[in-house]
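Reading through the structure tokens given below for one structure.
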Amino acid sequence: MDDLKWMLVDFFQALAAGLLVGGTYGLMCVGLGIIFGVMRVVNFAQGDFMMLGMYAAYYLVTGFGVLTFLGPYAGPIAGAILAGPIVFVIGWLLHRYLLGRVTGARVVSAEAEGHYAQIIMTLGFALVITNGGLILFGSQPISLQTPMSRESWEIGLIFLNQARAIAFVLSVLFAIGLYLFLTQSNLGKTLRAAADNPIAAAYVGINVDRSHRIAFGLGVGITAIAGGLIASTQSFQPYIGFDFVIVMYAGVVLGGMGSILGAFWGGLTIGLVQQMSTLILPYQLQNTAIFVVFLLIIFFRPQGMFGRIWERT
Amino acid sequence: MLKIRSLDVAYGGLKALSDVSLDVEEGQFVAVVGPNGAGKTTLFKTISGVVQPVSGEITYKGQNLLAVPADERAQLGIAHVPEGRQVFASMTVMENLEMGANTRKGRERWADLLPTILELFPVLSERRSQLAGTLSGGEQQMLAIGRGIASAPDLLMLDEPSMGLAPAIVDAIFERIQFVHRNHGLTILLVEQRVAEALESCDRGYVLETGRVVMEGAHDTLVSDQRVRRAYLGM
């Protein structure tokens, strides 16, 4: 009887941990979802923008101390949120001066719609940002230690790490906010239109370059917020982007290309699978479990969980 | 309204249009006809600003259109309904129409134009929350035209609305275009391969062949011209 009880506790503990981790993964995937799923730009550097978000949050809270006056609880949260606008500006500038040359209306008629050039360029971003980070921040793993990182809320026998729980709640809120922005606001709709069909968007008077720039900044900014939230739950170094870029692409494809909500569910699923797999598999096989589930879903539902099939004309 | 003077357009070294001049007066229905590869779509893309000309002039309501960036030309009242529909496939029918109304005038007149569009193409009303990519070709064409009208344009440019559609649907769409022209007094510039249908409804026509205007004139002159009758109307 006791055995069964502890098995159940373990199960619910893993379920809770999976949901909490998955929520942040979901937000991360939503960021990539805008860039990869909607704009169809293959961004290799997405993980590195997330890494920048982590360091932005870290330095805002500790290095410059600007946020110390907010206290040990609100400070890290504000730091994570502020990482968004900082990385938005970086993304905006990179798109303005570099990536914009290989995206949007001017490349629709180019071979493979400019994807080759995009891949090379974002791979370049990834290398420069990772190694630039190594020079600037050093290779020593650091973490944003806050009281929340160590404390937990107890619900019955289940422990919820405070930093993760808060990250989960904020992630859900940001994902919902972004979804509403893209589906309800006029600016959001024009961003989707410019991504869907750049030429037709220009014909209806949308500035396609500007739209793509905002969408790219938004995509990397959202992922950076997720990074900022993760910064207080685990240690990181400049190479961490690579670990997460795989999770993000898997999440976006799993959820279904082009679906923002789908990207969130994709990320959540990955978090759940990762944590639940530890119940039956050795810890080291977490990522293997993710990809087995990924393959199964893609095998039985190639358009992803929430993907919609339409004829591209 | 629209005045084009000795327009030259080239893709790389390949000449697509040479010395094209064309006039559209306010309230007219002007058709540009010609075979595949005559440069009809290039002409439209140049008017919309997606393609830059080598030389020549385009004036619209007395303003030099070539100095205006592409995305601001829609604000001037030019609506381009592109070849092959080009609807926003991942967005709903309503969202597509809203995107059409992205211009200042379109937003102002949205409340009275939307019912007009839905009355013109009732099928769009039935499918308003369906994704545009799931519509049939004919429905997409209607949506593309509706999107153009939603911008409250002064000049509606239609690039081959008959493309890839069944004859019965083409007839219906042409009938709707004529209706809009007659009842709303909208100026229309139409580009078509289906010469008979296009010439039938126009006030004025141009025949474009390999990038040159080989013939132009009023409706009656063109349809009674022996060469046009033989080459295009099969008479």
Check: Here are A:T269, A:T278: which of them is open to solvent by less than 70 Å² (accessible area, probe 1.4 Å) and at pLDDT 90 or above?
Finding: A:T269
Check: In the range B:97-145, how many residues are within 14 Å of chain A (Cβ to nearest Cβ), closer than 28 Å to A:N207 by Cβ, under 20 Å from the mean Cα position of the chain (by Cα) and surrounded by fewer than 20 Cβ atoms within 10 Å (Cβ to Cβ)?
Finding: 1
Next item on the list: Return yes or no: is B:K45 more than 13 Å from chain A (Cβ to nearest Cβ) and either in contact (Cβ under 8 Å) with a residue 60 or more places away in the chain or closer than 14 Å to B:D8 by Cα (or both)?
Entry: no
Next item on the list: Could you please find all residues in the range B:71-84 being crowded, with 21+ Cβ neighbours inside 10 Å and within 20 Å of B:T187 (Cα to Cα)?
Entry: B:R73, B:A74, B:I78, B:A79, B:H80, B:V81, B:P82
Check: If you take the residues in the range B:69-93 that are assigned to a helix (DSSP H, G or I) and within 10 Å of chain A (Cβ to nearest Cβ), which one is nearest to B:K45 (Cα to Cα)?
Finding: B:A70
Notebook entry, point to check: Quick check: anything in the range B:153-160 over 17 Å from B:A74 (Cβ atoms) and not aliphatic (A, V, I, L, M)?
Noted result: yes
Next item on the list: Enumerate the pairs (first residue in the range A:153-164 and more than 23 Å from A:P72 (Cβ to Cβ); second residue anywhere and aliphatic (A, V, I, L, M)) with beta-carbon separation below 6 Å, excluding pairs fewer than 6 apart on the same chain, so at least 6 apart or on different chains.
Entry: A:L157/A:V9; A:I158/A:A16
Next item on the list: From (1) over 30 Å from A:A194 (Cα atoms); (2) assigned to a helix (DSSP H, G or I); (3) touching a residue at least 40 places away in the same chain (Cβ under 8 Å), pick out the condition that doesn't hold for A:Q118.
Entry: (1)
Check: Can you pull out the residues in the range A:140-160 that are modelled with pLDDT under 90, open to solvent by 40 Å² or more (accessible area, probe 1.4 Å) and more than 15 Å from A:A57 (Cα to Cα)?
Finding: A:R150, A:E151, A:S152, A:W153, A:E154, A:I155, A:G156, A:L157, A:F159
Item checked: Matching option when the condition is open to solvent by 10 Å² or more (accessible area, probe 1.4 Å) and touching a Ser or Thr at 6+ places or on another chain (Cβ under 8 Å), among A:L261, A:L285, A:L296 -> A:L285
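Rundown of residues vs (1) of a type outside the set (A, V, I, L, M, F, W, C); (2) surrounded by 22 or more Cβ atoms within 10 Å (Cβ to Cβ), yes/no style:
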{"residue": "A:L27", "(1), (2)": "no, yes"}
{"residue": "A:V42", "(1), (2)": "no, no"}
{"residue": "A:G84", "(1), (2)": "yes, yes"}
{"residue": "A:I90", "(1), (2)": "no, no"}
Checklist line | Residue list for the range A:199-226, filter: facing chain B (nearest Cβ under 10 Å) and either assigned to a helix (DSSP H, G or I) or open to solvent by 20 Å² or more (accessible area, probe 1.4 Å) (or both) | finding: A:I199, A:A200, A:A201, A:A202, A:Y203, A:N207, A:V208, A:D209, A:R210, A:S211
Notebook entry, point to check: For the range B:121-235, which helices (runs of 4 or more DSSP H) that fit wholly inside it have 1 or more residues that are hydrophobic (A, V, I, L, M, F, W, C) and touching a Gly at 6+ places or on another chain (Cβ under 8 Å)?
Noted result: B:122-126, B:137-150, B:167-184, B:195-201, B:219-224
Note to self: Regarding the range A:149-156, can at least one residue be identified that is within 22 Å of the chain's Cα centre (by Cα) and more than 14 Å from chain B (Cβ to nearest Cβ)?
What the structure shows: yes
Checklist line | Only listed residue being assigned to a helix (DSSP H, G or I), over 30 Å from A:F137 (Cα atoms) and within 14 Å of chain B (Cβ to nearest Cβ), chosen from A:G262, A:G266, A:G258 | finding: A:G262
Item checked: Which numbered condition B:A67 fails, given (1) among the aliphatic types (A, V, I, L, M); (2) free of Cβ contacts under 8 Å to residues at least 12 places away in the same chain; (3) under 30 Å from B:A196 (Cβ atoms) -> (3)
Notebook entry, point to check: Can you find a residue in the range B:2-15 that is crowded, with 22+ Cβ neighbours inside 10 Å and within 16 Å of the chain's Cα centre (by Cα)?
Noted result: yes
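The values are calculated or read from the model by the stated rules, or taken from the named source; none is laboratory data. All values derive from a computational prediction rather than experimental measurement. No Cβ is skipped: glycine too gets one built from the backbone with ideal geometry, and neighbour counts run over all protein chains shown. Remember, those area values only see protein heavy atoms, side chains included, never the ligands or the DNA or RNA. Shrake-Rupley method; radii C 1.70, N 1.55, O 1.52, S 1.80 Å.
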